[in-house]
Amino acid sequence: MIWESNVSLAPYNTFGIDAKAERLVHLETEADVAHYAQHPEGLRQQRLLLGGGSNMLLCADVPGTTARIAWKGRKVIRETEDHVWLEVAAGESWHETVRFCVGKDWSGLQNLSLIPGLVGAAPVQNIGAYGVELSDSFDCLRFFDWENGEIHPMDAVDCGFSYRDSVFKNRLKGQGVILSVTFRLTKRNHTFQTTYGAIQEELSSRGLQPSVESISDAVMAIRQSKLPDPKVLGNSGSFFKNPALPSAQVSALAQRYPEIPQYPQANGTVKVAAGWLIEQAGWKGKRVGNVGMHARQALVLVNYGGASGPEIWAYAQHVQASVSELFGIDLEAEVNLIG
Ligand code: EPU
């Protein structure tokens, strides 16, 4: 367990915002987590629990203690002829874990290649891309309860997964930390999801059949062509959620805008593409100071360098106001605002 004081959080958030933590503690083992929970300057003074920093906007310096999830490890805990159960520590990189599975020809996670962040954060918002969500390959996780130091096993039902949502954003918010996640992956007789986005086109243009590796490579190529690399241009992926609306509202909109991208949901609502709404409202590629919606994907807000959290949030609110005025739709931030 390493402690630092008055340290910049710029290396620890993908927007690259230079907010300071009064105290930063790196939790490097599960035992550190238990010690931290008891330490007088630990949990009791915690203001921020930091994963990969890929889905948050730091709007101010962080007083008190910031704890960084840094424990690692992957192990196979069960195996049959068809499946393998892989337990992965919360501090492992998501993308490196996906590529580890791709290297073994285990399917399940390949559509989720190149998503930034750590494994422990993935269940919190049930990360998803290209027609697949984490919940599709999820088996269980271990949750450390801050209140009593107990470790609870939780299955998918306990986690309450839905679109970009789980119990960890609601009832269990701030109540503990995910220690590890176990995935159930497929070793043979794979089934692939290639209908979403440009995966099939990408495979055809390369003359490839769907496989764990070819799909992962295709997803990486598609993401790299549209989404800015946070190491080059600060961003946190989609800044807003795709709004789910009553179908009558979407039908009325579609009469005015027949080309509006729409995705009917199992619960009867219809999701519309926030990137399209933002583009129609004129924000795609529009830079104000150090901030702008990306020129190739209007749902991604980028920091061109040196933007502060409040500057980014002010810009985002202008985008929300325009979309609301034009379409009567209130966009909700996907990123977490801190401070
Ligand atoms: N669109 C536009 N203009 C834009 C951007 C998008 O018209 O500037 C249209 C596209 O043409 C398409 C539709 O909107 O018809 C959807 O676009 P895209 O396939 O790029 O996906 P998205 O809905 O904007 C979601 C996820 C992404 C994920 C992609 C691919 C959310 C909030 N975002 O974006 O996740 O990578 O699908 O599956 O659900 C993230 O959460 O950080 C993220 C990047």
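Of the residues making up the range 202-237, just one is more than 10 Å from the ligand (Cβ to nearest atom) and touching a Gly at 6+ places or on another chain (Cβ under 7 Å), namely Gly234. Val219 meets all of the listed conditions (1) over 30 Å from Lys104 (Cβ atoms); (2) in contact (Cβ under 8 Å) with a residue 24 or more places away in the chain but one, namely (1).
Applying the selection to the range 155-177, what residues are surrounded by 15 or more Cβ atoms within 10 Å (Cβ to Cβ), in contact with a strand residue (DSSP E or B) (Cβ under 8 Å, 6 or more places away or on another chain) and assigned to a loop (DSSP other than H, G, I, E, B)? The answer is Phe161, Tyr163, Arg164, Leu172.
I'm trying to understand the selection: among the residues of the range 42-70, which are of a type in the set (S, T, N, Q) and crowded, with 17+ Cβ neighbours inside 10 Å?
Just the residues of the range 42-70 that are of a type in the set (S, T, N, Q), to begin with: 45-46, 54-55, 65-66.
The answer is Gln46, Ser54, Asn55, Thr65, Thr66.
Looking at Gly103, Gly91 in this structure, which one is away from the ligand (no atom under 16 Å from the Cβ) and either modelled with pLDDT under 95 or touching a helix residue (DSSP H, G or I) at 6+ places or on another chain (Cβ under 7 Å) (or both)? So the residue among Gly103, Gly91 that is away from the ligand (no atom under 16 Å from the Cβ) and either modelled with pLDDT under 95 or touching a helix residue (DSSP H, G or I) at 6+ places or on another chain (Cβ under 7 Å) (or both) is Gly91.
Within the range 238-276, restricting attention to residues that are of a type in the set (A, V, I, L, M) and farther than 19 Å from Arg164 by Cα, which residue is nearest to the ligand (Cβ to nearest atom)? Write out each step before concluding.
Taking the range 238-276 first, the residues of a type in the set (A, V, I, L, M) are 244-245, 248, 250, 252-254, 260, 266, 270, 272-274.
Next, only the ones that are farther than 19 Å from Arg164 by Cα stay: 248, 250, 252-254, 260.
Working: Ala248: 21, Val250: 14, Ala252: 19, Leu253: 14, Ala254: 14, Ile260: 9 Å.
Step by step, filter the range 238-276, then rank; the result is Ile260.
Is there any pair with a first residue in the range 187-201 that is within 10 Å of the ligand (Cβ to nearest atom) and a second that is hydroxyl-bearing (Ser, Thr, Tyr) whose Cβ atoms are under 7 Å apart and which are 6 or more apart or on different chains, and what are they? From the range 187-201, the pairs are Tyr196/Tyr130; Gly197/Tyr130; Ile199/Tyr130.
The values are calculated or read from the model by the stated rules, or taken from the named source; none is laboratory data. Remember, predicted model here, so these are calculated numbers, not experimental data. Neighbour counts are summed over all protein chains in view; Cβ atoms, including those assigned to glycine, are modelled from backbone coordinates with ideal geometry.
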